[in-house]
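Bear in mind these aren't lab numbers, they're just calculated from the coordinates by the rules spelled out. On a predicted model such as this, the values are computed, not experimentally measured, just so you know. Reconstructed Cβ throughout: ideal geometry from the backbone, glycine too, with neighbour counts over all protein chains shown.
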Amino acid sequence: MSRPVYIVDAFTRTPFAGKPAGVVTRADGLSDERMQTLARELRQTETCFVTEGREAGLDYHLRWFTPTVEVDLCGHATVAAYTCLAAEGVRIGGRGHIVTRGEIETD
């Protein structure tokens, strides 16, 4: 399956001037190991993986990986993920509920 993969300069409109982060907007079905491999390949300080919310009332589930480990939260990668979703035409708003890692299982 083909998935969009982005590198986004968060906190700026000027290329190469912000805080870069990797983003995979359609990460549904990726295993933990595959997410880690992709994060290592992208070589950003953090990469955000966006999946559909798995519980009632949740729009999205976000997970963040450095090139070596999964982390609990990353602000600039979250901003980058919302930027990518908006660019893909996803309406940001509505319920707007997000959960962090540990709330759903992959694979």
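Its DSSP H runs of at least 4 residues, each contributing -39,500 (n - 2.57), put the calculated 222 nm mean residue ellipticity of the chain at -7000 deg cm²/dmol, to the nearest 500. The phi-based Karplus calculation (6.51 cos²θ - 1.76 cosθ + 1.60; θ = phi - 60°) puts the 3J(HN,Hα) values of segment 22-32 at x, 9, 10, 7, 10, 8, 3, x, 7, 6, 4 Hz, whole numbers, x for Gly and Pro. Farthest toward the positive end of the dipole of the chain, out of Met1, Leu85, Gln36, is the Cα of Leu85, where the dipole comes from beta carbon charges about the Cα centre.
One chain, two ends: Ile7 and Ala86. Fully extended at 0.36 nm per residue, the span grows by 27.0 nm beyond their Cα-Cα distance. The modelled label-to-label distance between Ser31 and Phe16, using points 7 Å beyond Cα along the C-beta direction, is 3.8 nm. Restricting the calculation to Cα atoms, every distinct pair contributes to the Kirkwood radius of the chain, found to be 13.8 Å.
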